[in-house]
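J.: Let me begin by handing over the structure; questions about it come next.
Each value in this text was obtained by applying a stated rule to the coordinates, not by laboratory testing. These figures come from a predicted structure and were not determined experimentally. Ideal geometry is used to build each Cβ from the backbone, glycine not excepted, and the neighbour counts take in all protein chains shown.
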Amino acid sequence: MHESIQTAMKRESSLELVITSAQFAPDATFLVDERGHIRHVSDACREIFGYAPSDFIDQQIIDFVVPADQDATLREAREVLAGRKRVGFENRYRHKDGSDVYVTWSARWLEHERLRIGVARDVTEFRRGVTGVPALLAQLAPHERKVLAMLLTEATEKQIAERLGLAVSTTHSYITGIFRKYGVRGRAGLMSLWLKHLSTGVWPSDRGQV
């Protein structure tokens, strides 16, 4: 009994730490139980999805996913429940105003808490920008475009390689090529240049190193 109480206290303390940390993050953090019910969501969900955190609690998370993306989302959830850490999965959620929100996920299973934690980053503006700037993407080969999409998330080079089924050395080569084509020194410069492009609508043809 004593051991059981200690385990429960440790689980509660760990969960409180996760929740507290999530409240300060700009991305939306979800805690979802094994049955798919939302147990907690951070305050960032209001800005990203238009809903108050209380609107999500005890609801099935799949009900907020755009119908066309639900099957793929359920498959991804099963991977997380099986104990596999997942990075870079993208799907669409329905905003409270009826529009689609594109989000990319980092998710893992919390064994002690018996919950899966998912961190959702809003990439809607990025996706809309991509569709409007074919000339920009034309600078990249098809495989480089896939790598670029994941470079703009928090995925590491190793995770990008695993996600795309590439060797780490090959992935590194692609990343280096993307940096060279866009005239940036690294990932921070790439993100800065991309955000600048989205805000101005102009991709500079004459650029120095960022």
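J.: Amide H to amide H, which residues 5 or more places from residue 89 or on other chains are under 5 Å from it, using H placed in the peptide plane?
T.: Placed amide hydrogens put 105 under 5 Å from residue 89.
J.: Shifting gears a bit: Using the basic label-point model (7 angstrom from Cα toward the beta carbon), what is the residue 35 to residue 124 distance in nanometres?
T.: Using points 7 Å along Cα→Cβ, the separation is 3.1 nm.
J.: Put a dot 7 Å past each Cα toward the Cβ at residue 187 and residue 70; how far apart are the dots in nm?
T.: Calculated label separation equals 3.5 nm.
J.: Binning at 5 Å from 0, report for the stretch 62-115 what percent of all alpha-carbon pair distances ends up in each bin.
T.: Final binned percentages: 4, 20, 27, 22, 16, 8, 3, 0.
J.: Of 96/196; 146/181; 85/146, which pairs sit farther than 22 Å apart, going by alpha carbon to alpha carbon? Display every interim value, and only then the final one.
T.: Working: 96/196 28 Å; 146/181 15 Å; 85/146 20 Å.
In this structure, 96/196 exceed 22 Å between Cα atoms.
J.: Sticking with the crude label model, points 7 Å out along Cα→Cβ, report the distance from residue 162 to residue 79 in nm, one decimal please.
T.: It is 1.0 nm.
J.: Next question, about the same structure. Within 10 Å of each residue's Cβ, count the other Cβ atoms and sort 146, 96 from fewest upward. Walk me through the numbers on the way to the answer.
T.: Values: 146 16, 96 13.
So the ranking, lowest neighbour count to highest, is 96, 146.
J.: Further question: Charges only on Cβ, +1 for Lys and Arg, -1 for Asp and Glu: so what's the dipole of the stretch 51-97 about the Cα centre, in debye to the nearest 20? Present the calculation step by step, with values, prior to reporting the outcome.
T.: Details: 8 positive and 9 negative charges, 51 e Å.
That gives the stretch 51-97 a dipole magnitude of about 240 debye.
J.: Okay, next question. What FRET efficiency do you get for residue 95 and residue 169 if R0 is 41 Å and r is their Cβ-Cβ distance, rounded to the nearest 0.05?
T.: On the way: r = 40 Å, r/R0 = 0.99.
Using R0 = 41 Å, I get an efficiency of 0.50.
J.: Taking 0.36 nm per residue of separation and subtracting the Cα-Cα distance, what length does fully extending residue 59 through residue 176 add?
T.: Values: separation 117, 0.36 × 117 = 42.12 nm, distance 4.32 nm.
The span from residue 59 to residue 176 would gain 37.8 nm if fully extended.
J.: I'd like the FRET efficiency for residue 143 and residue 47, computed as 1/(1 + (r/R0)^6) with the beta carbon distance as r and R0 of 35 Å, rounded to 0.05. Mind dumping the intermediate values first?
T.: Details: r = 34 Å, r/R0 = 0.96.
That gives a FRET efficiency of 0.55.
J.: Which of the trypsin sites (Lys or Arg not before Pro) found in the stretch 56-89 are loop residues per DSSP with 15 or fewer other Cβ atoms within 10 Å of their Cβ? Intermediate values should be presented prior to the final figure.
T.: Working: sites: 75, 78, 84, 85, 86; in loops: 84, 85.
Sites meeting the loop and neighbour criteria: 84, 85.
J.: Determine ³J(HN,Hα), in whole Hz, for all residues of the stretch 181-189 in sequence, where each value follows from phi through the Karplus function 6.51 cos²θ - 1.76 cosθ + 1.60 and θ = phi - 60°; x replaces Gly and Pro.
T.: Rounded to whole hertz, the list is 5, 9, x, 10, 8, x, 5, 4, x.
J.: Set the Förster radius R0 to 22 Å, insert the Cβ-Cβ distance between residue 154 and residue 195 as r into 1/(1 + (r/R0)^6), and round the FRET efficiency to 0.05. Display every interim value, and only then the final one.
T.: Numbers: r = 15 Å, r/R0 = 0.69.
After rounding to 0.05, the efficiency reads 0.90.
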